[in-house]
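This report refers to the structure that appears directly beneath it.
Nothing in this text is a laboratory measurement; each read-out follows from the coordinates by a stated rule. Because the structure is predicted, anything quoted here is derived from the model rather than measured. Reconstructed Cβ throughout: ideal geometry from the backbone, glycine too, with neighbour counts over all protein chains shown.
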Amino acid sequence: MRPKTQLFMLISVDGKISTGDSDLLDFDQDLPKIVGAKEGLRQYYDIEKTTDVNSFNTGRVMAKIGFNDPKKKVDKIPCNFIIADNSHLTSAGVKNLSKRAIKLYLATNNKNHPACKMDLDNLVIVEYSDFANLFERLGSQYKMKRLTVQSGGNINAELVRSGLIDKLSIVVAPVIVGGKDTSSLVDGESVRELSGLSMIKALELLKVTKLKNSYLHLEYKVLN
């Protein structure tokens with residue numbers, strides 16, 4: 001039995017999850033510079049602290065936000081990290097993440113991944129065939145009952161379209177980003193034929209919370 005999953009993300013009003021299409025641009029570092037957005041941003045991080053102890057992300061996202069960089073000190077947080085990665089994390093990145101998490105589950109299909117050669121007390125290597133198989137193992141083998149997903153647009157698309165996301169918890173920042181190549185909440189391949197309509201997921205609105213400084217918190221059930 002796989003864990004109950006929620007996709008928790010910060011998005012713009014037009015659904016973007018970054019300020020642009022370059023790895024040099026990122027909500028966490030850029031929104032604090034934008035008047036009208038920076039004032040209410042702390043609310044997102046406050047809600048993030050209430051999410052599940054098990055947090056799923058990707059090596060690409062972790063590399064983008066700097067985990068591969070040498071760090072003198074890494075503060076530990078009360079979370080288990082499940083990081084799917086084949087090639088983006090270096091050994092320094094794995095070490096930094098292991099220092100950050102209570103337990104680091106490195107999910108990979110790459111037997112030559114740097115993590116496979118590392119001996120860290122809280123590191124668990126998880127081999128998997130696809131995300132359905134990975135999530136099933138996380139529930140049955142590692143006894144995870146709940147899982148929060150905070151990955152990039154392409155992985156989000158794969159998880160949503162595969163029926164692996166049960167709930168959306170979305171904080172909407174009062175900005176419009178634009179840009180057709182800027183990543184959104186769900187990217188992936190576009191639907192091109194009527195037969196592809198089965199990939200579109202309907203939602204049931206559970207709750208709308210109006211936050212301060214024009215932020216919103218939207219919660220939906222995914223009708224898988």
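In the stretch 74-224, the DSSP beta bridges split such that about 55 percent are antiparallel, to the nearest 5. Modelled this way, with points 7 Å down the Cα-to-C-beta line, the labels at VAL35 and CYS116 are 5.4 nm from one another. Straightening the chain between GLU189 and ASN109 buys 26.6 nm, computed as 0.36 nm per residue apart minus the Cα-Cα spacing.
Here r is the Cβ-Cβ distance between LEU223 and VAL53 and R0 is 30 Å; the resulting FRET efficiency, rounded to 0.05, is 0.70. Taking each residue as 0.36 nm, the span from THR209 to GLU127 lengthens on full extension beyond its C-alpha to C-alpha distance by 25.6 nm. Sum up the charges of everything whose Cβ sits under 12 Å from the Cβ of PHE67, counting Lys and Arg as +1 and Asp and Glu as -1, but leave PHE67 out. Every neighbour counted, the sum reads +4. Most tightly packed first, judged by the mean number of other beta-carbon atoms within 10 Å of their residues, the peptides 178-191, 5-18 read 5-18, 178-191.
Residue order for THR90, THR19, fewest other beta carbons within 10 angstrom first, comes to THR90, THR19. Per-residue packing, averaged as other Cβ atoms within 10 Å, sorts the ranges 59-66, 29-36 into the order 59-66, 29-36, beginning with the highest. Where Lys and Arg each count +1 and Asp and Glu each count -1, what net charge lies around ILE77 among other residues with Cβ under 11 Å from its Cβ? Neighbourhood net charge equals +2. In the chain, the DSSP-assigned H stretches of four residues or longer account for a calculated mean residue ellipticity at 222 nm of -5500 deg cm²/dmol, using -39500 (n - 2.57) per stretch and the full residue count as denominator. For the chain, the alpha carbon positions stretch 46, 44, 30 Å along the principal axes, listed from largest to smallest.
Summing Lys and Arg as +1 and Asp and Glu as -1 over all other residues whose Cβ lies under 12 Å from the Cβ of GLY93 gives a net charge of +4.
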